[in-house]
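A.B. asks: Quick one: structure below, then a few questions.
What follows draws every value from the coordinates through simple rules; no lab data is involved. Keep in mind that this is a model prediction, so the values were computed, not measured. Methodologically, a virtual Cβ is constructed for each residue, glycine included, from the backbone with ideal geometry; neighbour enumeration extends over all protein chains shown.
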Amino acid sequence: GVMAVVAIAAALVLIPDTVFGLLGRDASLTGRTDIWAALMRSIEARPWLGYGYGAFWGADSQPAYWVRVAVEWSAPTAHNGWLELLLAVGVAGLILFAIDFAGILMRACVGLRRGWGALFAAGFLLQFALISISESVIIQQNSNVWLMYAAIAGRLALDARARGRERSAQDRFALA
């Protein structure tokens, strides 16, 4: 398993055009890398706090207009959840989300010792992180993927809270 992952990663780095060609794709991920490159100027203009939730892609947005001119089509999103997050809430929000995401993933990994539900959560969270590279699913309105992420995060928080209460009760019982 590990060797297969290493071989695929090496092929993607060393011969990306061949690998994507075999998959019927191009290395630009169907134009996504063009959008990402065009977005960099807008991200650099407001790096710390971004443009506000949902504000960047508005109909009257000048920065979005210039991105669309650069890519020569009416891109509706960044097609990357992490860049979309930078546009909305800047580096400050991205860091907070990344810390929160890491904590949620850690809760799922800790829960693996306790049952199968955490296996689903950990698998989903890894898939969510990968999907977020090519789709704008982080904090996305009306997104089933974002809804599932929020539900899993909430459930893992409730489980962690319950485990904390169990430990407190056990500690009190041991002291008595």
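A.B. asks: Can you compute 3J(HN,Hα) from phi for each residue in segment 72-83, using the Karplus curve 6.51 cos²θ - 1.76 cosθ + 1.60 with θ = phi - 60°, rounded to whole Hz and x for Gly and Pro?
C.D. replies: Those phi angles translate into 6, 6, 7, 4, x, 8, 6, 6, 6, x, 6, 5 Hz.
A.B. asks: Could you give the length gained on full extension between residue 45 and residue 144, defined as 0.36 nm per residue of separation minus the Cα-Cα distance, in nm?
C.D. replies: Here the answer is 32.5 nm.
A.B. asks: With a 10 Å radius around each residue's Cβ, average the other Cβ atoms per peptide and rank 58-68, 101-111, highest first.
C.D. replies: 101-111, 58-68
A.B. asks: Between residue 95 and residue 134, 0.36 nm times their residue separation minus their Cα-Cα distance comes to what?
C.D. replies: So the chain would gain 12.1 nm between residue 95 and residue 134.
A.B. asks: Is the shape of segment 31-175 best called rounded, prolate or oblate, per the rule: a/c under 1.5 gives rounded, else a/b larger than b/c gives prolate, else oblate, with a ≥ b ≥ c the square roots of the Cα gyration tensor eigenvalues?
C.D. replies: prolate
A.B. asks: Put +1 on the Cβ of every Lys and Arg and -1 on every Asp and Glu Cβ in segment 75-176; which of 119, 92, 139 then has its Cα farthest towards the positive end of the dipole?
C.D. replies: 119
A.B. asks: While we're looking at this one, here's another question. For a footprinting-style exposure proxy, rank 72, 84 by other Cβ within 10 Å, fewest first.
C.D. replies: 72, 84
A.B. asks: While we're here: Return the FRET efficiency for the residue pair residue 33, residue 59: r is the Cβ-Cβ distance, R0 is 25 Å, and the value is rounded to the nearest 0.05.
C.D. replies: For R0 = 25 Å, the calculated efficiency reads 0.50.
A.B. asks: Only counting other Cβ atoms within 10 Å, I'd like 135, 166 sorted with the fewest neighbours first.
C.D. replies: 166, 135
A.B. asks: Hey, with R₀ at 25 Å, roughly what FRET efficiency would residue 166 and residue 126 work out to, going by the Cβ-Cβ distance, to 0.05?
C.D. replies: After rounding, the FRET efficiency stands at 0.35.
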